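Please treat every number below as a calculation from the coordinates, not as lab data. Just so it is clear, the model here is predicted, and its values are computed rather than measured. Glycine gets a Cβ as well: all are built from the backbone with ideal geometry, and neighbour counts include every protein chain shown.
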Amino acid sequence: MSDEFPTHEIELTENAAAKVKSLLEQEGRDDLRLRVSVSPGGCSGLIYSLYFDERILDGDHIRDFDGVEVIVDRMSVPYLNGSTIDFYDTIERQGFTIENPNATGTCACGESFH
């Protein structure tokens with residue numbers, strides 16, 4: 001299906017793809033995709049959102065990572081292209097992270113960027 005839509009330049013690491021697959025298996029759903037977006041908010045102006053979505057909207061950019069489809073809306077693509085989404089599960093760090101070369105700074109709590 002993603003051949004019909006433009007692609008984006010976001011990378012999903014093997015760890016992140018495996019975690020997404022695991023979460024989808026727990027949900028018992030094969031019709032969901034990982035949607036990544038940015039929206040206004042936070043101390044620095046923009047915040048990331050990662051969530052599962054069954055919809056594909058007009059203007060979405062889609063890229064497949066070994067069976068895990070990552071969707072980005074057209075407004076978020078310029079802010080996210082070149083980013084890498086990873087997943088950590090260690091004592092020091094747990095959860096999804098986004099390394100974004102487009103972010104010129106982050107707030108002190110690390111929840112938002114500009």
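Miscellaneous remarks
- Separation in nanometres of the label points that stand 7 Å from Cα toward Cβ, at T90 and F5: 3.3 nm
- Computed from point charges on the beta carbon alone (+1 for Lys and Arg, -1 for Asp and Glu), the dipole magnitude for the range 16-59 about its Cα centre is near 180 Debye.
- Listed residues S22, S37, S76, most fluctuating in the chain (Gaussian network, C-alpha, under 10 Å): S22
- Shape class for the chain: oblate, because the ratio a/c of the largest to smallest gyration tensor axis (alpha-carbon atoms, square roots of eigenvalues) is 1.5 or more and b/c is at least a/b.
- Computed extension gain for S22 through I47, at 0.36 nm per residue and net of the alpha carbon distance, reaches 6.5 nm.
- Modelled FRET efficiency - R0 22 Å, D31 with D58, Cβ distances, 0.05 increments: 0.70
- Relative contact order for the chain: 32 percent, from Cα pairs under 8 Å spaced at least 6 residues apart, divided by residue count.
- Within the range 8-93: Cβ-based charge dipole about Cα centre, in debye rounded to nearest 20 (Lys, Arg +1; Asp, Glu -1): 280 debye
- Over the chain: helical MRE at 222 nm, DSSP H runs n ≥ 4 each giving -39500 (n - 2.57), nearest 500: -4500 deg cm²/dmol
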